[in-house]
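Computed from the coordinates by the stated procedures, all read-outs in this text should not be read as laboratory data. Nothing here was measured: the structure is a model prediction, and the numbers come from that model. Please note: Cβ atoms are built from the backbone with ideal geometry, for glycine as well, and neighbour counts cover all protein chains shown.
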Amino acid sequence: MEIGIDSFAAAPKNLEVSSSQALTELLDRIELADKVGLDVFGLGEHYRKEFLDSASPIILAAAASRTNRIRLTSAVTVLSAADPVRVFQNFSTLDLISEGRAEIVVGRGSFIESFPLFGLSLDDYDALFSEKLNLLLKIRDNEFVNWSGRFRPALNNQAVYPRPLQNQLPIWLGVGGTASSFARAGELGLPLMVAVIGGETHRFRPLIDLYRQAGEKAGHSPEQLKVGLHSIGYVANSNEEAIEDFYPGYKELFTRMGKERGFPPVTRAGFDAQNGPLGAFLVGSYEEVAEKILRHSEALGGIDRFTFQMDVGLSHEKLLKSIELIGKKVSPLVNS
């Protein structure tokens, strides 16, 4: 199983650290992830004050120059708000710079700031994504593109460059809990990245079964139908230390964001439930976290990739230590 880290490039909350320093520290963490043997590092895409990842391909390109083997991906690219031609060009360029280590995870995103920013209507939420995904896949598979749709001018035998180093640039479909999204990924034969940031992970099994059934029905091989799992997690030397480090920042961030959506404040009891045996969170010692990854994989019928999301206000030093433990302790236990 591939093990990796996803980051939203958290912006500094005080004047002690500049945004420039925060990005430099992020690159240090990606470099360490590469050195300790992790398989993938992903960057999100947000348009909020809390995060610095609105131009994630640029950050990933900087990381490519400091790493050797780790795969570099988005997590996710908000395709509804993007031009698929430009998305392909950005990641093809990243693929060339990284010598074949680029990937894209496309999704609709969990925030909507990009819609008014780029003059888009929320009434077109799903239609935009469907059309743009179709175009992105056509560009990936064809050097010369013939295509027409509702939301951008047609392409008439138009060449799109540069082409990537890889024969086929990997494109994953990032999903939450919508059955139609799982079925769409299967029908298209795209690897699936499932974001489970709450609830009980095993409850996603019917949706993953739907994905695999749709893929098989469409004629795609089981090897093509990969499943990744993205969850909130953090690793320290003991369960107690991990929770003590992680909970305060988690509470502050998710209480503040939850207030925007009318959710109740985070409580310790709720956190402990999410971090229990069946919950989605993986915050604990490396032994406990490795065991939980394997339990989640079994419950979901096998997963090919697991990525940790740790951006909750932790210090750079604590994040470095956690990445080291994940690479040197968690990954070997999961893959032993």
Exercise. Scaled to the compact-protein estimate 2.2 N^0.38 Å, what is the alpha-carbon radius of gyration of region 121-253, rounded to two decimal places?
Worked result: 1.35
Problem set entry | Rg [Å, one decimal], Dmax [Å, integer] - the chain, C-alpha atoms | 19.3, 60
Exercise. What is the distance, in nm, between label points placed 7 Å from the Cα along the Cα-to-Cβ direction at Asn335 and at Lys49?
Worked result: 4.2 nm
Exercise. At q = 0.10, 0.13, 0.15, 0.18 Å⁻¹, what is the log10 ratio I(q)/I(0) for region 182-336, with the Debye formula run over Cα points and no solvent?
Worked result: -0.39, -0.64, -0.82, -1.07
Exercise. Residue farthest toward the positive end of the dipole of region 166-263, with Cβ of Lys/Arg at +1 and Asp/Glu at -1: which of Gly186, Ile171, His202?
Worked result: Gly186
Problem set entry | Cα-based reach from Lys251 at 16 Å (exclusive), listing lysines while leaving out same-chain residues under 8 positions away | Lys13, Lys259
Exercise. Mind checking the angle between helix 205-217 and the chain's longest principal axis? C-alpha axes, 0 to 90 degrees, to the nearest 10.
Worked result: 30 degrees
Exercise. How far is helix 316-325 tilted off the main Cα axis of the chain, in degrees rounded to 10, range 0 to 90?
Worked result: 90 degrees
Exercise. Which values, in whole Å and largest first, are the semi-axes of the equivalent ellipsoid of region 84-165 obtained as the square root of 5 times each eigenvalue of the Cα gyration tensor?
Worked result: 24, 17, 10
Problem set entry | Rg and Dmax of region 2-65, Cα atoms only, in Å | 11.7, 37
Seminar exercise, completed: Longest principal axis of the chain (C-alpha) makes with the long axis of helix 125-141 (C-alpha) an angle, in degrees to the nearest 10, of 70 degrees
For this session: Anything over 30 Å Cα to Cα? Flag those among Lys132/Lys292; Lys49/Lys132; Lys226/Lys292; Lys132/Lys321, in the order listed.
Result: Lys132/Lys292; Lys132/Lys321
Exercise. What list do you get for Tyr211, Tyr125 if you sort them by fewest beta carbons within 10 Å?
Worked result: Tyr125, Tyr211
Problem set entry | Under-5 Å amide H pairs with Leu229, H placed in peptide plane, nonlocal only | Val194, Arg305, Phe306, Thr307
